[in-house]
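The values are calculated or read from the model by the stated rules, or taken from the named source; none is laboratory data. Nothing here was measured: the structure is a model prediction, and the numbers come from that model. So basically every Cβ, Gly included, is an ideal-geometry build from the backbone, and we count neighbours across all protein chains shown. Side chains are part of the model used for accessible areas, which takes the heavy atoms of the whole protein and leaves out ligands, DNA and RNA. Shrake-Rupley method; radii C 1.70, N 1.55, O 1.52, S 1.80 Å.
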Amino acid sequence: MTYFQWFDLLGIAVFAISGTLAAWRNHMDGFGVIVLASVTAIGGGTLRDLILDVPVIWMNNNSYFYTIFIAAAATILLVRNRLTIPNNTLQILDAIGLAFFVIMGTQKALDHGTSTLVAIMLGTMSGVCGGMIRDVLCREIPMVFRGELYAVTCIVGGLIYTSLLALGLAQLYAMLAGISGLLLLRLAAIKWHITIPVFGKHHHELNEP
(Lines give C-alpha, C1' and ligand atoms only; values in the text may rest on other atoms or scores of the structure.)
Protein backbone atom coordinates (compact mmCIF):
# COMPACT_ATOMS: atom_id res chain seq x y z
CA MET A 1 0.00 0.00 0.00
CA THR A 2 1.09 3.58 -0.63
CA TYR A 3 1.14 6.20 2.12
CA PHE A 4 -1.84 7.79 0.35
CA GLN A 5 -3.89 4.60 0.87
CA TRP A 6 -2.75 4.28 4.48
CA PHE A 7 -3.79 7.87 5.21
CA ASP A 8 -7.16 7.19 3.59
CA LEU A 9 -7.78 4.06 5.67
CA LEU A 10 -6.66 5.84 8.83
CA GLY A 11 -9.22 8.58 8.14
CA ILE A 12 -11.87 5.92 7.54
CA ALA A 13 -11.05 4.22 10.85
CA VAL A 14 -11.14 7.43 12.88
CA PHE A 15 -14.42 8.59 11.37
CA ALA A 16 -15.91 5.12 11.91
CA ILE A 17 -14.93 5.36 15.57
CA SER A 18 -16.57 8.78 15.87
CA GLY A 19 -19.73 7.42 14.25
CA THR A 20 -19.76 4.47 16.64
CA LEU A 21 -19.36 6.77 19.65
CA ALA A 22 -22.21 8.94 18.38
CA ALA A 23 -24.40 5.82 18.07
CA TRP A 24 -23.43 4.76 21.61
CA ARG A 25 -24.28 8.20 23.02
CA ASN A 26 -27.69 8.01 21.34
CA HIS A 27 -28.40 4.44 22.57
CA MET A 28 -28.65 2.88 19.09
CA ASP A 29 -28.72 -0.86 18.43
CA GLY A 30 -26.07 -2.82 16.55
CA PHE A 31 -27.54 -2.00 13.15
CA GLY A 32 -27.58 1.68 14.04
CA VAL A 33 -23.93 1.49 15.04
CA ILE A 34 -22.90 0.04 11.66
CA VAL A 35 -25.02 2.53 9.73
CA LEU A 36 -23.70 5.53 11.64
CA ALA A 37 -20.09 4.33 11.50
CA SER A 38 -20.38 3.72 7.75
CA VAL A 39 -22.04 6.98 6.73
CA THR A 40 -19.58 8.95 8.85
CA ALA A 41 -16.61 7.16 7.32
CA ILE A 42 -17.58 7.10 3.63
CA GLY A 43 -20.36 9.67 3.24
CA GLY A 44 -18.13 12.60 2.32
CA GLY A 45 -15.92 10.60 -0.04
CA THR A 46 -18.96 9.16 -1.77
CA LEU A 47 -20.40 12.59 -2.49
CA ARG A 48 -17.00 13.84 -3.69
CA ASP A 49 -16.62 10.95 -6.14
CA LEU A 50 -20.14 11.42 -7.48
CA ILE A 51 -19.41 15.09 -8.17
CA LEU A 52 -16.11 14.17 -9.84
CA ASP A 53 -18.02 11.56 -11.89
CA VAL A 54 -15.56 8.82 -11.01
CA PRO A 55 -16.21 5.34 -9.55
CA VAL A 56 -17.06 5.61 -5.85
CA ILE A 57 -13.90 4.52 -4.11
CA TRP A 58 -15.42 1.82 -1.88
CA MET A 59 -17.31 0.09 -4.71
CA ASN A 60 -14.29 -2.02 -5.67
CA ASN A 61 -12.34 -1.95 -2.44
CA ASN A 62 -13.58 -4.06 0.45
CA SER A 63 -10.77 -2.83 2.69
CA TYR A 64 -12.88 0.24 3.49
CA PHE A 65 -15.66 -1.89 4.95
CA TYR A 66 -13.23 -4.16 6.79
CA THR A 67 -11.70 -1.06 8.34
CA ILE A 68 -15.13 0.29 9.35
CA PHE A 69 -16.21 -3.01 10.93
CA ILE A 70 -12.94 -3.50 12.82
CA ALA A 71 -12.93 0.09 14.09
CA ALA A 72 -16.60 -0.14 15.15
CA ALA A 73 -16.11 -3.48 16.89
CA ALA A 74 -13.01 -2.28 18.75
CA THR A 75 -14.86 0.87 19.86
CA ILE A 76 -17.84 -1.16 21.09
CA LEU A 77 -15.53 -3.38 23.15
CA LEU A 78 -13.88 -0.29 24.62
CA VAL A 79 -17.07 1.49 25.64
CA ARG A 80 -18.58 -1.69 27.08
CA ASN A 81 -15.65 -1.93 29.47
CA ARG A 82 -15.51 1.73 30.36
CA LEU A 83 -18.27 3.55 32.20
CA THR A 84 -17.54 7.03 30.92
CA ILE A 85 -16.08 8.58 27.77
CA PRO A 86 -14.75 12.16 27.99
CA ASN A 87 -17.21 14.66 26.53
CA ASN A 88 -14.79 15.99 23.93
CA THR A 89 -13.67 12.56 22.65
CA LEU A 90 -16.07 12.67 19.70
CA GLN A 91 -14.90 16.15 18.73
CA ILE A 92 -11.22 15.18 18.89
CA LEU A 93 -11.73 12.04 16.81
CA ASP A 94 -13.81 14.04 14.35
CA ALA A 95 -10.95 16.56 14.07
CA ILE A 96 -8.42 13.81 13.32
CA GLY A 97 -10.66 12.24 10.66
CA LEU A 98 -11.37 15.68 9.24
CA ALA A 99 -7.66 16.43 8.82
CA PHE A 100 -6.95 13.24 6.90
CA PHE A 101 -10.06 13.36 4.72
CA VAL A 102 -9.73 16.98 3.66
CA ILE A 103 -6.18 16.52 2.41
CA MET A 104 -6.91 13.17 0.76
CA GLY A 105 -10.02 14.59 -0.89
CA THR A 106 -8.14 17.64 -2.12
CA GLN A 107 -5.46 15.49 -3.71
CA LYS A 108 -8.01 13.21 -5.39
CA ALA A 109 -9.73 16.23 -6.91
CA LEU A 110 -6.36 17.51 -8.18
CA ASP A 111 -5.65 14.07 -9.65
CA HIS A 112 -8.80 14.40 -11.73
CA GLY A 113 -7.90 17.76 -13.19
CA THR A 114 -9.83 20.25 -11.08
CA SER A 115 -8.57 23.72 -10.30
CA THR A 116 -6.97 24.35 -6.92
CA LEU A 117 -10.06 26.21 -5.67
CA VAL A 118 -12.41 23.40 -6.66
CA ALA A 119 -10.02 20.82 -5.18
CA ILE A 120 -10.08 22.60 -1.81
CA MET A 121 -13.89 22.79 -1.95
CA LEU A 122 -14.18 19.08 -2.71
CA GLY A 123 -11.62 18.28 -0.04
CA THR A 124 -13.69 20.24 2.46
CA MET A 125 -16.78 18.37 1.32
CA SER A 126 -14.96 15.06 1.79
CA GLY A 127 -14.19 16.01 5.37
CA VAL A 128 -17.45 17.54 6.56
CA CYS A 129 -20.27 15.69 4.79
CA GLY A 130 -19.89 12.34 6.59
CA GLY A 131 -20.05 14.09 9.95
CA MET A 132 -23.01 16.15 8.79
CA ILE A 133 -24.94 12.98 7.89
CA ARG A 134 -23.99 11.46 11.26
CA ASP A 135 -25.24 14.48 13.20
CA VAL A 136 -28.47 14.74 11.19
CA LEU A 137 -29.24 11.06 11.83
CA CYS A 138 -28.61 11.73 15.54
CA ARG A 139 -30.98 14.74 15.33
CA GLU A 140 -28.23 17.17 16.27
CA ILE A 141 -27.04 20.40 14.68
CA PRO A 142 -24.02 19.39 12.54
CA MET A 143 -20.67 20.48 13.97
CA VAL A 144 -19.99 22.51 10.85
CA PHE A 145 -22.91 24.82 11.76
CA ARG A 146 -22.22 25.27 15.48
CA GLY A 147 -20.01 28.34 15.32
CA GLU A 148 -16.61 26.90 16.31
CA LEU A 149 -14.05 26.96 13.50
CA TYR A 150 -14.75 23.87 11.42
CA ALA A 151 -15.12 24.37 7.67
CA VAL A 152 -12.64 27.26 7.97
CA THR A 153 -10.02 24.84 9.29
CA CYS A 154 -10.64 22.60 6.26
CA ILE A 155 -10.05 25.50 3.89
CA VAL A 156 -6.86 26.47 5.75
CA GLY A 157 -5.59 22.89 5.62
CA GLY A 158 -6.33 22.67 1.92
CA LEU A 159 -4.58 25.99 1.28
CA ILE A 160 -1.50 24.87 3.21
CA TYR A 161 -1.33 21.64 1.23
CA THR A 162 -1.88 23.11 -2.23
CA SER A 163 0.44 26.07 -1.55
CA LEU A 164 3.29 23.78 -0.49
CA LEU A 165 2.75 21.61 -3.56
CA ALA A 166 2.90 24.72 -5.74
CA LEU A 167 6.19 25.66 -4.06
CA GLY A 168 7.63 22.28 -5.03
CA LEU A 169 7.59 20.51 -1.67
CA ALA A 170 7.37 16.71 -1.87
CA GLN A 171 3.80 15.45 -1.74
CA LEU A 172 4.22 13.46 1.48
CA TYR A 173 5.64 16.43 3.38
CA ALA A 174 2.99 18.74 1.98
CA MET A 175 0.31 16.29 3.12
CA LEU A 176 1.77 16.03 6.59
CA ALA A 177 1.94 19.82 6.85
CA GLY A 178 -1.65 20.25 5.64
CA ILE A 179 -2.93 17.55 8.00
CA SER A 180 -0.99 18.98 10.95
CA GLY A 181 -2.06 22.57 10.29
CA LEU A 182 -5.72 21.65 9.96
CA LEU A 183 -5.67 19.40 13.03
CA LEU A 184 -3.90 21.92 15.26
CA LEU A 185 -6.27 24.71 14.24
CA ARG A 186 -9.34 22.53 14.84
CA LEU A 187 -8.06 21.32 18.21
CA ALA A 188 -7.32 24.92 19.20
CA ALA A 189 -10.87 25.88 18.25
CA ILE A 190 -12.21 23.05 20.43
CA LYS A 191 -10.00 23.88 23.41
CA TRP A 192 -10.41 27.66 23.39
CA HIS A 193 -13.85 27.84 21.75
CA ILE A 194 -12.63 29.92 18.83
CA THR A 195 -15.73 30.83 16.87
CA ILE A 196 -17.02 32.74 13.91
CA PRO A 197 -20.06 35.02 14.32
CA VAL A 198 -23.35 33.12 14.54
CA PHE A 199 -26.96 34.19 14.42
CA GLY A 200 -28.62 33.99 17.81
CA LYS A 201 -31.54 35.16 19.84
CA HIS A 202 -30.08 38.63 20.43
CA HIS A 203 -30.01 39.26 16.68
CA HIS A 204 -33.74 38.63 16.49
CA GLU A 205 -34.36 40.81 19.50
CA LEU A 206 -32.57 43.71 17.81
CA ASN A 207 -34.96 43.49 14.88
CA GLU A 208 -38.14 43.29 16.92
CA PRO A 209 -40.38 46.42 16.89
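The helix-based estimate of mean residue ellipticity at 222 nm for the chain, built from -39,500 (n - 2.57) per DSSP H run of four or more residues and divided by its residue count, is -25000 deg cm²/dmol to the nearest 500.
About its Cα centre, the dipole of the chain is roughly 420 debye, where the only charges are +1 on Lys and Arg Cβ and -1 on Asp and Glu Cβ. To one decimal place, what orientation-averaged projected area in nm² is obtained for the convex hull of the Cα set of region 68-169? Over all viewing directions, region 68-169 projects a mean Cα-hull area of 8.1 nm². Roughly to the nearest percent, how much of the accessible area of region 144-192 is carbon and sulfur, given a 1.4 Å probe? Of the solvent-accessible surface of region 144-192, carbon and sulfur hold 74 percent.
Computed with a 1.4 Å probe over protein heavy atoms only, the accessible surface of the chain comes to 53 Å² per residue.
Sorting Leu183, Leu169, Leu98 by solvent-accessible area of protein heavy atoms yields Leu169, Leu183, Leu98, largest first, with a 1.4 Å probe.
For the chain, averaging the sequence separation of C-alpha pairs within contact (under 8 Å, six or more residues apart) and dividing by the residue count gives a relative contact order of 22 percent. Dipole orientation for the chain: of the candidates Cys154, Ala99, Gly45, Ala99 has the Cα lying most toward the positive pole (charges on Cβ; Lys, Arg +1; Asp, Glu -1). Taking the inverse of the mean reciprocal distance over all distinct Cα pairs, the Kirkwood hydrodynamic radius of region 24-94 comes to 13.7 Å. Computed on region 75-127, with alpha-carbon pairs under 8 angstrom and 6+ residues apart, the relative contact order is 34 percent. For the chain, list log₁₀ I(q)/I(0) at each q in 0.10, 0.14, 0.15, 0.17 Å⁻¹, using the Debye formula over Cα point scatterers of equal strength and ignoring solvent, two decimals each. So the normalised log intensities work out to -0.43, -0.81, -0.92, -1.14.
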